Each structure stands twice: as structure tokens, then as C-alpha cells.
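Student: Next up is a structure, given as C-alpha cells.
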Amino acid sequence: MSSNTDFEPKIIAFVCNWCTYAGADLTGTSRLKYATNVKIVRFPCTGRIDFLLLLKSFAQGADGVIVSGCHPNDCHYTSGNFHARRRWIAFRSVLDLMGVDIRRIQYSWVSAAEGSKWADLVNNTVADIRALGPYAEYQKVADYLEKEGYNEEA
Amino acid sequence: MKIGFYPGCSLTGSSREYNESVVAVAKALDIELIEINDWNCCGATAAHAMNEELSLSLPARIMAMAEKQGLTEVVVPCAACYNRLKVTQHELEDDTKRSRVIDILKMPYQGSSRIINVLQLLEMYGAENIKAKITRPFAHKVACYYGCLLVRPHSILKFDRVEDPQSMDTMIKMVGGTTLDWAFKTECCGAGFSVSRTDLVAKLSGNILKDAADRGAEALIVACPMCQSNLDMRRGAINKTLETPSDIPVIYITQAIGLALGLSAQELGLKRHFVTVEL
Amino acid sequence: MSKIGVFICHCGENISATVDVERVAREIGGMEGVAHAIDYKYMCSDPGQTFIKEAVKKYGLDGVVVGACSPRMHEPTFRRACAEAGLNPYLCEMANLREHCSWVHEKSEETTEKAIDLVKMLVEKVKKNKPLDSIKVPVTKKALVIGGGIAGIQASLDIANTGHKVILVERDPSIGGHMSQLSETFPTLDCSQCILTPRMVEVAQHPNIKLYTYAELESLEGFIGNFKAKIRLKAKSVNYSTCTGCGACIQKCPVKKIPSEFNAGLGTRTAIYVPFPQAVPNKPVIDRVNCNYYKRGACKICEKTCQVGSIEWDKEDEIITEEVGAVVLATGFDVKGTDFFPEYGYGQYKDVLTGLQFERLASASGPTFGEIRRPSDGAVPKKIVFIACAGSRDPAKGIPYCSKICCMYTAKHAMLYQHKVHDGESTVFYMDIRAGGKNYEEFVRRAIEEDTVNYVRGRVARVYEKNGKLIVKGVDTLLGGEQVEIEADMVVLATAGVANCGSEQLAQKLHVSYDPYHFFAEAHPKLKPVETNTAGIYLAGACQAPKDIPETVGMASGAAVKVAALFSNDELVREPVVAVVNRLAPPLYSTCVGCFMCETACPYNAIEHEEIKGRDGSLIRNSARVNQGLCQGCGTCVAFCRSKSIDIQGYTNEQVYAEVMSLLND
């Protein structure tokens, strides 16, 4: 695993509105600094996050993905994060079997009070993905599928 | 049962009796101590105040040598050495520091050996054995004195309660003794000044002895060569600071256990103390 | 093609200091479908909002993106502005350029580029937004107040006095909380009981307040305006409708040595007990853990003593359900015990007390009837040491925050001691004296100057017992770091105020956030201090953070006003972030095939079965339908749906995919 210092990874974070989005707001209010590579997409709950979105992200050129929500038991909607966790456990093994590099998916809990944890999560993920390099393999497959007409419109 | 053994300088010099008692007790409990080959100074007292790289490289070399010998566990009786080795291990979890030290040592270092003190050794490998082998219960009322290096900093050593440690007390109770509930268990004996300001050492060690004496201790039990030498060797100077001179002996935990196991005063080095031991 | 308006805010310099806002506006202005893009110093100000309104009309905008602070802060502001200009408010979205960009990155090209990306995402999202109508729901005009200390009492009375019903739930057998335990209160030295007990009685007698003591919240379901609370009424073993509160049973109870909670462990109580003489209600409960009958099956002396036959041995816990529209959390705080302090003896010295225990010693209703006496031998202490910041402001102890009340009550304790023991000597070890508050600093000065309390600035390293004295070893940092050793007769630790036990579990039941110390989290640290992140649940008092009585009372009244404002409406407007199952023209009707996976996903039982019938009334198929009153909009069903037939308004698949695609499509 060679670290590539010139490479700026593109990372998308799918977060819930109540814990991690608020936690990232707290990171801002606390003026903690982190890498610019991560862009947040806001969801009501991690339970809403469809894992096809993750694959779509990779197909569109993302090098890494973060999924983060409330800690177990703290879900604003009682159990959405448990569904997300269960989905992640099942999905991870399927993805692994299919040959998707699951090291590029970072699953985490960040509460509304954990501003510094969010900064650490972003920085660590950026460092990890930078070390892994661009996710060209997946994009190649996605491009091939699209050219051959396997995309959703077909 | 084979355990790595790092004696350090004190155990070969001023506290030979500690070495003798550790070896004798280990033998009595069927624990085979394997001394680390070509071990060096741990750098306590001077290095960590003067030069960080040196202070990390010295203990790292000791641990690297142990790893080379395949020792997964190393017992370090001297509290100062124990502290230095543990702190170094902790510091070298940092990648940058570790690569720098490996660069200096020119030998591999994993940080994989588990560093334990004598109390942990006895707890883990001796407790049942000791109980079974007591021939002469250690029926004395004693004050267990832990000092600073054995328990601090707690965040790194993670050994015992930091303000009111209990492991020696438990051990003494196990061999039939009673222990004092006293306030000076972890107070400073002044070891940091043992060369430059012996007057302060006498005063600080005096406070410790006085409280133990006032509460009726027959002996002080220690697990640190510095504590022992301050409280024992400097007794003359200490007694000058006290209203009532004290003749309480200061013995190592291994000596107390050894006595309970029926070992002789000779084997345990009890004749080497400045303050006569009659227990 | 869309006509989107984009408005980039400088937020003074908060955004523009690190983000090139002009460049953001310029580049976004060139995007397909963007009709208008500007930047302005304060978008949320009146002129800023006017820019938006005018642009909506002038350019006929069909979507608005405001690049400013967090939508958690100003989304309602900008949506309202759009609505005023005639644009459906749900066609307005915010890009978070402050909390998620300018505040967390240094000034650089990358920061500006990230800002552009963030706005771009939202522009693509807005293109897919659909006009939505708010959902109206009815309001149950009854409030639930949890916790019967001064915060809960004040909030209950204030809500009840606006004419609305209140249910007050208290865990202990009596209301009153910590305030009832205090002797006198700073800075006036009012007797705490004298100012509190009339309010306790008022609560009990108020026609609009229903009081449940010895009760706890079991669960809370629902949402703002429409909560359903299950309350566990713990078995009191005494029938309150017949009990006269004569107290004969208490006199005769043979189990007398139970440490009294009210006296912070310094006094004792019986197994059948009223916590303190002024308790409300003033009727006993049986402590089943300590009662001889429940322990060994024999005794029943209280039953023989009771002339009205009120003892109910077989009474079981009862669970009742109440429908309420709002909840006020007023569960208060707790203090660390002396056993938390190894350096001060792990709680083994009887004469080392907590501040709360000292309150009981100083209180006329306390175990010594207000005389300061040592718990060990009953002697009057001639030398007393107070240690401030015991635990507080000590990251090594896990409590980095200031407990806020200790400086003041320690000054009060020293003062009370000097008033009661004239030849006594008191010393206070402190880090800093924090006496912010009306007449607070003057109060501390009085303790030092008039009552000659010896204030030493420094920490205490150790307290130990020797010959019946407590040796306090500390340092005086104002006198060149001199070591100080005091032989004291009593030591009082101003132990840290911590979250009440069980607060984490309660927060989880209510789905409100809490901080790392388990205090409940307010919705905004400055502008929404009494709201939680869960609409309809409010905070009062020290359950949010340590605070003194005036602040607690003020906060409780604040929470009460929030509740009253909520109850002033007959209907509530809710955000239309709810799930919907698609409906299509016949012969398809819907892509939903009726597998009802969504039903297993839904935590709110909001999925209903709908029979789709043909004109002749014959069943065509079963399909899912969302009850919009119950749906809270988590969207878990969307991820579960295999045929992509259910979607969530405001976060539809179309919208979120558009966001993702915009980010990476270059």
C-alpha cells in the first residue's frame, strides 16, 4: 500500500440529520479543522440510506464513502440506525463477495455532541483512502456496463 | 513456567537482597526466570530528563533483546525500570517515534513483550502456589508502601488504584499478615533528591516512617529499590528529623513472601539491611 | 428548464474570510438552470431576505438555494421568505457553507471549490424538488412534566396557570427535589423550605395539575402535539384515598436504620416512610427492599397500627397511559459522592462530607436540627475545611466542566458555619471564585470580610485521618506555592454536579440528544436553550447543565411559555417530510406489489394496507399506504422497498441521486 500524496480523494458522506449532521455542525461551531475532500449529503436518518447510492457514488467517481448516524439506542426515530447497521453487515459481505473494495466504505456513529470525532473521522478516512489510491477499478466496470447498455435506462 | 527477567542496575548493586529474594521466591514457586542477554541501563534518573531519544532507546533496546530471545513476558522488579519500560512501550506506539528508535538501535523492535512488575508476577503465577506452600504464616502487622513509580501514571501503567493501591496489601493478607490503613502509601520518599538534597530525603522519608510507626507497623513492605534504600540506608539521617527514632525494618514484598514460604533469612538477603530485620 | 435562484451569504466575514463568495456566485451563475446568482453580506437580514423575495418575483424563480449557515439554523427563515414571495417553501434549500465549510477549512482554493460543490449539490436537488403542502395535526392541550423539583414545580404551575392541564410525574415519594434539602439559599440566606413548601402545596391543590409521585415514565410515543406517555405508578403499598397521613405506622415501624435519602445518608428513616415532614403528598410509602414483611414474610406491624386499613400488601405497579401534547424534562442533577475521591479517602472518613450533606447538617429540619456536628462523634467541629472544585474542572476525573453552583454554596456554607460556631475557624481551598450573578460577588466578599472565612487559593492534595483529626494537605499558590497543612475536624467537598442517574436511558426513551456527561442537549446553545432537538420536548433546570435556583426557575418559566405557545394553536403545522406510496393511472394503480417490507421497517406503525378495487368493486390488489399523521419521516421504508414504490418527500430518490451525481459528474 503506497501513499500517494498528490492524489486528492473524492469522498461522499451520507449522514443523518439528527446526530452526525448536527455533530458536523458542532465541528464548525468549535472551529475544528479537517480536510476538504468530504462532501455531506443530508438524510433524515441512516435508515433511509439506500446502499445502491453507495454503488452509484463509486460508479460516478467517488473514491470513498462515509455513512454515519446516531449511536445505537440514540436514534431520533427509535430504530433507523439499527436497520442501517444490519443492512451494512449484510451488504458488506455481499459487496466483498462481488469484489467491491469495502475498505472504501467507512461506517461510523457520530453523535450531535461529538464535533471532534467528526473531524477525526473525516481526516482518518481521507488518509486511508489516499493510501488506497483512486478507485479506478470500479469506475472502469461502471463505464463498461454503461457502454454495453446495462445501465438502468436499458 | 518461563518468564523473562530484567534485573537492572539496582538489583545487582545496592539492592542485591531484592534480587536474591526475587530469585529465591521464583524458584520456590517453580517459576523459571530467564535473564535478558546483554541487558543495559534503563536510563532512569537521568536520561528521561535530558534526552528523549536516549530515554526511549535505552529501554527499547532491552525490550528488543527480550524479543530476540523470544520472551513474551518480562518481569521487572525495580519500580523505576518497570516504569521506564512501560512508558517507553507506550511512547513507541507512535509510529514516528518507533521508526526513529529502530533507526538508532539498528535492530527490530515490536513492543510485543508484556512488561510486568513483581506483584503482577506473584498475582498471576504464584497466588495459588503461595497459598499451598505457606509453612510459616507471616503474622505481622505491616504498612505497605508503594511509592510513586509503581502506580503512576495510571493512564499508562494501568496497575492498581493510583491513590490507594491494594495489590501488596492483598498479597500480605494472603500470607497471613495484617496491613495498615494509612495515608502515606504513595507519598514521595524523596528519591529524586537522593544525591542532591539528602536533607529533603530525610524529611520526606521521615514523614512516611513516622505515620507508619504511629499506627503501630512492625515493618514497611516495599517493591522499589529506591524507596527501600531511602527508608533503610538513610535511617540515621531520618531519625535525626524524628522526635522518636524509629527502628522499623523495611523489607521487600518478595522477602515477606519468602519468609512465609519458609525460606531462610540468608536466602532472602535479610542480613544485608541497615536496620536489623527480626521478623 | 428550471429557473433557480442562488443566494450566497458572507455571514459577515464568517464565510467570506475563507471562501471566495464572489467566485462561488459567479460559477454557480453559469450553471444550467440557474437564472440568478448573487452574494450578499447578511442573507438572513431583512434586506437579504428582500433580495430573495424580489428575485423570486422578478425572475419567476421555481427554486431557491441559499448558501449560508446550517439549515438547522436558518432553513425556516429562508423558507418563510420564499413563501411570502409566493414560492412554495419546500422549493427552497440551504447549502451549509459555514459549519461544514468556511469554519472547518483554511482559506484556500480547495475551500472555495468545496463551497461551489456544496451549492451545486443543492441546486441539482432543488431542480427535483416538488411543491409540498404542510401537514396539519391536532394538538392535545395537556403537558407532561417529568421531575418534581423546583424546575418541574415552576413549569407545572406556570403551564397550569395559563389554563392548560398538566401531569407532573415524580420518581420519589414526594415532590421538592434537591431544593427541599437545602438549608438556606444564596445570596439572600432565605430558608429554602420557607420559599419552596408553599409552591409544593400549590401544585398539590391546583385544579389543573395531576400529580403522580413515586412514578416514572415508562415510554413515550408519538410526536409534537400528540404524544402518548406510559407512566409506571410504582406500588406505594398504601392506599392514598383512605390514608389520612397520621403517621402512626411510621412511629411503630421496627426497621429504623435505613439511611435517609433526604438527609443524604446522615440520618435514618423507617421502612414505611414519608421522606420529610413537609412532604407533598404527606402520606407514606413502603420501601419494599427494606421492609421486614417483603423481606421475610412477617411483621405487618404497620397494618395493625393503621386505623383506616390503608396498607395494601399485594398492590402491584400500575401502568397508565396519558395523551399529552408537550413534555417538559425537569429531572435535575445529582452530586458525586465522597467515595469518588481516592485522595480524600474514598469516602471512608465519616467527617468528610459532600456539600449536600453539609446542607442537611445546617438545616433546621436536618438530623442535628441545624447544629453543625461531626457525624463520627457528634462533636462540634472547631476547624473546618471546604474544598471547592472537588471533581469539577478536572479532566483527569472525567469532569472538565465547572459545576457552577459550588463557589456560591461553599461561601454560604462557610458563612453558615461561622454564624453557628462562633469560635470556629473555616478555610476554603479554591481554584477561582466564580461569583457571576446579581449580588453574588458581594455575598462572597461578605463571607471573606465580615465572617472572616479564610480563603486559600490552591488545591488539596490529600486528606487523611490521624488521631481523630483530618489532616488536610494543600498548597497556597498565592504565597509562593507554600505547602499548607491543616488539622481539621471536618472537611466538606463541593463535589461536582453530574447528570441524574438514569438520564441516559430517559433520553433514549424520549429520543432527545444528550451531551457526553449525559446532560440533556438543548437545540441551540444560545437561541434555543429550552428546546430539545425533538419538537414538543422542552428542558427546565439542571438536567441540561448544573445551574442555581434563580436560573432554574427562569428556565422553567421559559419552557412553560414554549408549551403555552404551542397550546395556543388548535392545529399544528408539520413539515411534510413523510413517506408516500406512488399512485399511477389504471391499469397499473401503483408499482407497489404489497410485499409490506415497509411495514416491518416502520417504527411508527404508519403503514396501512389498502385494497385497490376495480369499478365493479372487485379486489385488484393489496397495496401499502402511509398514514401521514403517524409517519415521522425517517425513510427507513424507502431503503426497504424492493420495487422503489415508496419514497420520502423532501429526500426522494430522485433528489438524493441528483445530489450525488452533481458532485461527481465532472
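The values are calculated or read from the model by the stated rules, or taken from the named source; none is laboratory data. As the structure is a computational prediction, the values presented were derived from the model and not from experiment. Note: ideal-geometry Cβ built from the backbone for every residue, glycine included; neighbour counts use all protein chains shown.
Student: Residues that are within 8 Å of another protein chain (Cβ to nearest Cβ) and over 16 Å from A:Ile102 (Cβ atoms): which strands (runs of 3 or more DSSP E) entirely in the range A:1-83 hold 2 or more of them?
Tutor: Answer list for the range A:1-83: A:38-43.
Student: Tally time: how many residues in the range C:265-297 are outside any loop (DSSP other than H, G, I, E, B) and within 30 Å of the chain's Cα centre (by Cα)?
Tutor: Residues that pass the stated criteria total 1.
Student: Now a separate question. Can you find, within the range C:629-666, the residue that is nearest to the other protein chains (Cβ to nearest Cβ) among those that are part of a helix (DSSP H, G or I) and of a type in the set (Ser, Thr, Tyr)?
Tutor: This residue is C:Thr636.
Student: Looking at B:Ala49, B:Ala64, which one is at pLDDT below 90, in a helix (DSSP H, G or I) and in the same structural domain as B:Lys27 (by TED's automatic domain parsing)?
Tutor: Matching residue, one of B:Ala49, B:Ala64: B:Ala49.
Student: Moving to a separate point now. Checking the condition touching a residue at least 40 places away in the same chain (Cβ under 8 Å), at the interface with chain A (Cβ under 10 Å from one of its Cβ atoms) and not β-branched (Val, Ile, Thr), which residue from C:Met94, C:Met121 passes?
Tutor: C:Met121
Student: Among residues belonging to the range B:124-142 that are closer than 15 Å to B:Lys27 by Cα and either buried (at least 19 other Cβ atoms within 10 Å of the Cβ) or among the polar types (S, T, N, Q) (or both), point out the one that is modelled with the highest pLDDT.
Tutor: B:Ile130
Student: Out of curiosity, is B:Ser15 over 17 Å from B:Pro225 (Cα atoms), crowded, with 17+ Cβ neighbours inside 10 Å and either modelled with pLDDT of 95 or more or among the small types (Gly, Ala, Ser) (or both)? Spell out the reasoning first.
Tutor: Details: over 17 Å from B:Pro225 (Cα atoms): no; crowded, with 17+ Cβ neighbours inside 10 Å: yes; either modelled with pLDDT of 95 or more or among the small types (Gly, Ala, Ser) (or both): yes.
Judged against the criteria, B:Ser15 is not a match.
Student: OK, next. Please go through the range B:46-64 and pick out each residue that is without any contact (Cβ under 8 Å) to a residue 40 or more places away in the chain and either over 20 Å from the mean Cα position of the chain (by Cα) or closer than 25 Å to B:Met168 by Cβ (or both).
Tutor: Listed by number, the residues that qualify are B:Ala49, B:Met50, B:Asn51, B:Glu52, B:Leu54, B:Pro59.
Student: Related question: Identify the single condition in (1) of a type in the set (Gly, Ala, Ser); (2) more than 30 Å from C:Pro516 (Cα to Cα); (3) at pLDDT below 95 that C:Ala461 does not satisfy, given that it satisfies every other one.
Tutor: (2)
Student: B:Lys173 passes all but one of (1) surrounded by fewer than 21 Cβ atoms within 10 Å (Cβ to Cβ); (2) within 14 Å of chain C (Cβ to nearest Cβ); (3) not polar (S, T, N, Q); which number fails?
Tutor: So B:Lys173 meets the others, but not (2).
Student: Now a separate question. Taking the condition of being farther than 30 Å from A:Lys33 by Cα and among the charged types (D, E, K, R), how many residues in the range A:111-148 meet it?
Tutor: Looking only at that region, the number is 6.
Student: Also: Looking at C:Glu184, C:Glu202, which is the one that is in contact with a strand residue (DSSP E or B) (Cβ under 7 Å, 6 or more places away or on another chain) and of a type in the set (D, E, K, R)?
Tutor: Matching residue, one of C:Glu184, C:Glu202: C:Glu184.
Student: Would it be correct to say that C:Val66 is surrounded by 20 or more Cβ atoms within 10 Å (Cβ to Cβ), farther than 30 Å from C:Arg574 by Cα and of a type outside the set (S, T, N, Q)?
Tutor: Spelling it out, it is not the case that C:Val66 is surrounded by 20 or more Cβ atoms within 10 Å (Cβ to Cβ), farther than 30 Å from C:Arg574 by Cα and of a type outside the set (S, T, N, Q).
Student: Is one or more of the residues making up the range C:191-204 in the same structural domain as C:Asp314 (by TED's automatic domain parsing), closer than 20 Å to C:Val328 by Cα, not hydrophobic (A, V, I, L, M, F, W, C) and not in a strand (DSSP E or B)?
Tutor: Within the range C:191-204, one or more residues are in the same structural domain as C:Asp314 (by TED's automatic domain parsing), closer than 20 Å to C:Val328 by Cα, not hydrophobic (A, V, I, L, M, F, W, C) and not in a strand (DSSP E or B).
Yes/no per residue for (1) crowded, with 22+ Cβ neighbours inside 10 Å; (2) more than 14 Å from chain B (Cβ to nearest Cβ); (3) without any contact (Cβ under 8 Å) to a residue 24 or more places away in the chain; (4) more than 30 Å from C:Ile471 (Cα to Cα):
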| site | (1), (2), (3), (4) |
| --- | --- |
| C:Gly297 | no, yes, yes, yes |
| C:Val308 | no, yes, no, yes |
| C:Gly332 | yes, yes, no, yes |
| C:Phe340 | no, no, no, no |
| C:Tyr344 | yes, no, no, no |
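Student: Next up: For the range C:580-595, does any single residue satisfy the condition of being among the charged types (D, E, K, R), closer than 21 Å to A:Phe51 by Cβ and either modelled with pLDDT of 85 or more or not in a loop (DSSP other than H, G, I, E, B) (or both)?
Tutor: No, the conditions are met nowhere in the range C:580-595.
Student: Restrict the check to the range A:89-110 and report whether at least one residue is touching a His at 6+ places or on another chain (Cβ under 9 Å) and without any contact (Cβ under 8 Å) to a residue 40 or more places away in the chain.
Tutor: No, there is no match, as no residue in the range A:89-110 is touching a His at 6+ places or on another chain (Cβ under 9 Å) and without any contact (Cβ under 8 Å) to a residue 40 or more places away in the chain.
Student: In the range B:208-232, what count of residues is obtained for those that are in a helix (DSSP H, G or I), closer than 21 Å to B:Tyr82 by Cβ and not polar (S, T, N, Q)?
Tutor: Number satisfying all stated conditions: 6.
Student: Continuing with the same structure: For the range C:413-426, state whether one or more residues are buried (at least 16 other Cβ atoms within 10 Å of the Cβ), more than 32 Å from the chain's Cα centre (by Cα), modelled with pLDDT of 95 or more and under 30 Å from B:Ala213 (Cβ atoms).
Tutor: Within the range C:413-426, one or more residues are buried (at least 16 other Cβ atoms within 10 Å of the Cβ), more than 32 Å from the chain's Cα centre (by Cα), modelled with pLDDT of 95 or more and under 30 Å from B:Ala213 (Cβ atoms).
Student: Look through C:Val56, C:Val65 and report the one residue that is in the same structural domain as C:Val24 (by TED's automatic domain parsing), under 24 Å from A:Arg42 (Cβ atoms) and either under 34 Å from the mean Cα position of the chain (by Cα) or of a type in the set (Ser, Thr, Tyr) (or both).
Tutor: On the way: C:Val56 fails: either under 34 Å from the mean Cα position of the chain (by Cα) or of a type in the set (Ser, Thr, Tyr) (or both).
Answer to the selection: C:Val65.
Student: Would you check which residues across the range C:172-186 are assigned to a loop (DSSP other than H, G, I, E, B) and aliphatic (A, V, I, L, M) and list them?
Tutor: Our first condition is that a residue be assigned to a loop (DSSP other than H, G, I, E, B); within the range C:172-186, this holds for C:172-177, C:182-183, C:186.
Correct list: C:Ile175, C:Leu182.
Student: Right, another one. Quick check on the range A:100-109. Is at least one of its residues facing another protein chain (nearest Cβ under 7 Å), within 25 Å of A:Ala131 (Cβ to Cβ) and in contact with a Phe, Trp or Tyr (Cβ under 7 Å, 6 or more places away or on another chain)?
Tutor: no
Student: Another one. Only one of B:Ala256, B:Ala260 is touching a helix residue (DSSP H, G or I) at 6+ places or on another chain (Cβ under 9 Å), within 16 Å of B:Tyr146 (Cα to Cα), among the small types (Gly, Ala, Ser) and crowded, with 22+ Cβ neighbours inside 10 Å. Can you tell me which?
Tutor: B:Ala256
Student: Of A:Val126, A:Val141, which residue is on the phi < 0 side of the Ramachandran plot and modelled with pLDDT of 90 or more?
Tutor: A:Val126
Student: Another question, if that's okay. Select from the range C:583-622 the residues that are surrounded by 16 or more Cβ atoms within 10 Å (Cβ to Cβ) and among the polar types (S, T, N, Q) and list them in ascending order.
Tutor: Answer for the range C:583-622, where residues must be surrounded by 16 or more Cβ atoms within 10 Å (Cβ to Cβ) and among the polar types (S, T, N, Q): just C:Ser590.
Student: Further question on the same structure: Where in the range C:468-537 are the strands (runs of 3 or more DSSP E), entirely inside, with at least 3 residues that are at pLDDT 90 or above, surrounded by fewer than 21 Cβ atoms within 10 Å (Cβ to Cβ) and not aromatic (Phe, Trp, Tyr)?
Tutor: Because the criterion is at least 3 residues that are at pLDDT 90 or above, surrounded by fewer than 21 Cβ atoms within 10 Å (Cβ to Cβ) and not aromatic (Phe, Trp, Tyr), the strands (runs of 3 or more DSSP E) in the range C:468-537 that meet it are C:469-476, C:482-488.
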